[in-house]
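Participant: Please read through the structure below; I'll follow up with questions.
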Amino acid sequence: MSNLFFYGTLRYLPLLELVLGRPLSRLEVKQAALPGHAVYSVEGQPFPMIVKEKSGQADGLLVQGLGPEDLRRLVFYEGGFDYDLSPRTIHLEDGSQTQASVFFPEPDLWFPGDRWSLQAWIDQWGELSIAAAQEVMSFYGRMDAKAVARCFPSIRTRAWARMAARRRQTGDLRDVGSDVVLHQHERAYLSYFGMDEIRVQHRQHDGTMGPVLNRSALMQGSAVVVLPYDPARDTVLLVEQFRAPVYLIDDPEPWMWEPVAGMIDPGESPAQAAQREVLEEARVDLSSLEYVGGAYSSSGSSTEYIHLYVGLADLTKTVENGGVASEGEDIRTQILPFAEFMDRVDNNGFKDLPLLMLANWLARHKNRLRA
């Protein structure tokens with residue numbers, strides 16, 4: 001049996017139980033500390049790091065009685081974060097000391113930020129981390145930890161979208177708890193996107209429970225789509241980039257003219273994501289945003305929820321090298337007079353559905369925006 005000292009996110013007991021796959025009732029959990037160290041946030045990441053600090057003390061939890069399966073699950077979860085176990089002397093509240101293993105990051109892997117607070121982290125990231133860990137641990141024993149780790153950004157994006165979806169209500173009085181029966185749920189595939197498969201029944205409109213259905217869904221995060229518009233010049237800006245799904249369906253024109261679009265990162269609001277994406281893809285600063293609406297892009301096949309915006313800006317320059325190179329983006333932009341833009345819309349000159357929706361909204365609201 002093994003003893004481990006946890007100083008970071010695994011001090012959050014619901015997360016630790018999820019990673020272990022069992023309750024902590026059969027384990028001995030004690031408050032403890034590691035002298036000569038301190039815990040700091042990691043710049044740009046929603047988790048902390050431990051560093052040597054002569055006068056510091058890293059508070060945490062000592063968990064005793066962990067078995068081989070517990071260790072394998074912990075190494076799988078933490079292994080994706082580039083941590084290694086190392087033995088240390090741990091101080092307990094009663095003044096005694098004991099040996100325990102501690103997860104330490106690779107040297108010089110990250111840069112510390114401010115002192116880390118467990119409660120502040122729970123308030124901001126606790127729910128998201130639980131949702132993300134559920135997806136991560138569903139691949140324990142099925143995928144290598146490093147392969148799962150490469151998917152962490154998209155996993156967190158989906159977790160953030162799941163949090164938003166839980167709060168998305170329009171007044172439907174039906175109760176999922178009694179009107180939907182989930183017989184089986186499998187996370188079938190993990191990469192940039194996920195693929196989930198379920199066997200499910202739902203209550204039909206006549207009040208009876210329907211048959212068991214086998215369904216799959218492409219698991220995605222939430223996205224923003226922004227059409228930049230210059231009310232003074234009456235022009236719009238479009239971006240063009242290669243789209244692999246369009247190519248895969250044998251469309252001979254996989255370079256698509258679209259509005260600016262991108263995923264909402266964890267911790268971002270849709271409006272913040274909209275501003276960031278326009279700057280990244282088009283090198284344009286928006287003066288304001290008009291919210292057009294939000295909806296699922298293809299509710300029969302995908303979880304993606306899109307927030308639509310028209311962004312007001314001075315449109316004077318185009319770019320040939322927009323986007324983020326590290327994400328494989330190769331984007332150019334064009335500025336069109338609104339009349340020419342709508343002529344192409346009316347003559348089926350575009351293949352992007354959100355673009356058509358934004359064009360029709362802008363046609364109805366253009367005079368107000370110009371005034």
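Participant: For residues that are within 11 Å of Lys146 (Cα to Cα) and either touching a Gly at 6+ places or on another chain (Cβ under 6 Å) or small (Gly, Ala, Ser) (or both), scanning just region 66-90, find the one that is surrounded by the fewest Cβ atoms within 10 Å (Cβ to Cβ).
Facilitator: Once the filter is applied, the top-ranked residue is Gly79.
Participant: Which of the numbered conditions does Pro228 fail, given that it passes all the others? Conditions: (1) touching a strand residue (DSSP E or B) at 6+ places or on another chain (Cβ under 8 Å); (2) open to solvent by 60 Å² or more (accessible area, probe 1.4 Å).
Facilitator: (2)
Participant: Please give the number of the condition Leu109 fails out of (1) within 26 Å of the chain's Cα centre (by Cα); (2) modelled with pLDDT of 90 or more.
Facilitator: Leu109 satisfies every listed condition except (2).
Participant: Please determine whether any residue of region 91-99 is loosely packed, with under 13 Cβ neighbours inside 10 Å and assigned to a strand (DSSP E or B).
Facilitator: yes
Participant: Here's a follow-up. Out of the residues in region 259-275 that are farther than 21 Å from Phe193 by Cβ and in a helix (DSSP H, G or I), which is most open to solvent (accessible area, probe 1.4 Å)?
Facilitator: Top of the filtered list is Gln272.
Participant: So which residues in region 167-184 are in contact (Cβ under 8 Å) with a residue 12 or more places away in the chain, part of a loop (DSSP other than H, G, I, E, B) and open to solvent by less than 100 Å² (accessible area, probe 1.4 Å), if there are any at all?
Facilitator: Arg168, the sole residue that qualifies.
Participant: Being in a helix (DSSP H, G or I) and either touching an Asp or Glu at 6+ places or on another chain (Cβ under 7 Å) or open to solvent by 40 Å² or more (accessible area, probe 1.4 Å) (or both) is the requirement here; does Glu340 meet it?
Facilitator: It is true that Glu340 is in a helix (DSSP H, G or I) and either touching an Asp or Glu at 6+ places or on another chain (Cβ under 7 Å) or open to solvent by 40 Å² or more (accessible area, probe 1.4 Å) (or both).
Participant: Criterion first (of a type in the set (A, V, I, L, M, F, W, C), closer than 26 Å to Ser138 by Cβ, at pLDDT 90 or above and open to solvent by 10 Å² or more (accessible area, probe 1.4 Å)) does Leu4 satisfy it?
Facilitator: Answer is no for this residue.
Participant: For Gln334, are the conditions met, namely being at pLDDT 95 or above and over 23 Å from Asp251 (Cβ atoms)? Don't jump to the end; show me each part of the working.
Facilitator: Values: at pLDDT 95 or above: yes; over 23 Å from Asp251 (Cβ atoms): no.
Against the criterion (at pLDDT 95 or above and over 23 Å from Asp251 (Cβ atoms)), Gln334 does not qualify.
Participant: Then there's this: Restricting to region 337-371, give me the number of residues that are under 20 Å from Pro254 (Cβ atoms) and basic (Lys, Arg).
Facilitator: Matching residues across region 337-371 total 2.
The values are calculated or read from the model by the stated rules, or taken from the named source; none is laboratory data. Quantities reported herein were computed from a predicted structural model and do not represent experimental measurements. So basically every Cβ, Gly included, is an ideal-geometry build from the backbone, and we count neighbours across all protein chains shown. In case anyone asks, the SASA skips ligands and DNA or RNA and just uses the protein heavy atoms, side chains included. Shrake-Rupley method; radii C 1.70, N 1.55, O 1.52, S 1.80 Å.
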